[in-house]
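Just below is one structure, and these are the notes that go with it.
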């Protein structure tokens, strides 16, 4: 027999809070995940040559490629495994566990003694980062006030490129043979991620469990205690007056999470949003990974840039990727989700097609090519970050983390395997025209995504998560 519906004011109390030091702590302690991922991806690419000349490892080019695949597979499996546990066991437990996995694995990578150990530790590092995506995205969205959720989420997702830029800068002195030996620099590079992880693990001690997660798991008393403590921190002990709110959400018995219920939610209750999420994630993942992971090949093959100078061209590219979500993010909360998501996808697609055509005509230099890529991905980065925002906020609380994991896994597999593989084949052909066809394909995917957003997009700006997608346990 169903229990009497329980009225709760937890979501309303969280959404009416003013921006405060607590929210800045949430951003710093949880948002660092994207910086770590950017750092890891860039360092792995930067130290590839060092791994081949390392007296201890002496990896072949094929083995270096396999370690990249191991990181990718780990990220996909880690996101699915830890995403499921995040919905069942709680956000706080898992965002500490996943950071712990990353921290231990990247530290162990620095002490790898052969190819097999390096491969295994890279797999575990990827699993930790993949798990972080689902645990962190869900926690951030549940703790940030509704009116600020869009800009905050976009800025945090865009911070991946802060890590990418840091990785490019750090790798230069660490890989200098005059400063460090051939078997030492790459070890210090991976160890640096572990030191940053220790600091973040300390910060996370001061973050509570998501009150929204407690609320939908029948732990309403704990949820109210956590919200009351947050309110005390935000109001500075009562010096800042908080407006009273009325309970608006009625909850019934806690929902029992199963894979069948996840499938039913995605395919039966929200088929339009599921289609939208797949299209947004797939299109951005294709052009991002295809172009970013082959960017160095284009510079060296067609513009004659020396391999040790490629990093100088990646830095402005990374800057544009970071500034896009940071500067455009507020518009996603004011102008609205549908308009901004469709606009950034369409602009990125059109500019990508124009850049590709100029590249084919031979009108570009390495510098102008970099400038145009920076402009393209100023918009594409905001679009990609909005894709993660969409799949996070458009589905019920009970399945949020696993849903994020499913879409992340799909996008990672498509972008990390399909895109770079296709563009690698096109570049090997030696001509410009085949590569342009790949650019046109990416542009078409982005424009199609913009049209799908206009048709299926959700106007979630400034709305409570429970209004965008009512909990499955709603009475």
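The values are calculated or read from the model by the stated rules, or taken from the named source; none is laboratory data. Because the structure is predicted, anything quoted here is derived from the model rather than measured. Cβ coordinates were reconstructed from backbone atoms using ideal geometry, including for glycine residues, and neighbour counts include every protein chain displayed.
When the stretch 240-257 is examined, which residues are found to be touching a residue at least 24 places away in the same chain (Cβ under 8 Å) and either exposed (fewer than 13 other Cβ atoms within 10 Å of the Cβ) or in contact with a strand residue (DSSP E or B) (Cβ under 8 Å, 6 or more places away or on another chain) (or both)?
Restricting attention to the stretch 240-257, the residues satisfying the condition of being touching a residue at least 24 places away in the same chain (Cβ under 8 Å) are 240, 242-243, 245-255, 257.
Of everything in the stretch 240-257, those that are touching a residue at least 24 places away in the same chain (Cβ under 8 Å) and either exposed (fewer than 13 other Cβ atoms within 10 Å of the Cβ) or in contact with a strand residue (DSSP E or B) (Cβ under 8 Å, 6 or more places away or on another chain) (or both) turn out to be 240, 243, 246, 247, 248, 249, 250, 251, 252.
Of these, 353, 348, 380, which one is under 18 Å from residue 156 (Cα atoms) and in contact with a helix residue (DSSP H, G or I) (Cβ under 8 Å, 6 or more places away or on another chain)?
On the way: 353 fails: under 18 Å from residue 156 (Cα atoms); 348 fails: under 18 Å from residue 156 (Cα atoms).
So the residue among 353, 348, 380 that is under 18 Å from residue 156 (Cα atoms) and in contact with a helix residue (DSSP H, G or I) (Cβ under 8 Å, 6 or more places away or on another chain) is 380.
Where helices (runs of 4 or more DSSP H) fall wholly inside the stretch 404-475, the ranges with 3 or more residues that are at pLDDT 75 or above and crowded, with 22+ Cβ neighbours inside 10 Å are 432-456. Note on the stretch 68-115: residues that are surrounded by fewer than 22 Cβ atoms within 10 Å (Cβ to Cβ) and not in a helix (DSSP H, G or I) amount to 5. Residue check: is residue 26 over 15 Å from the mean Cα position of the chain (by Cα) and at pLDDT below 90? In short, no.
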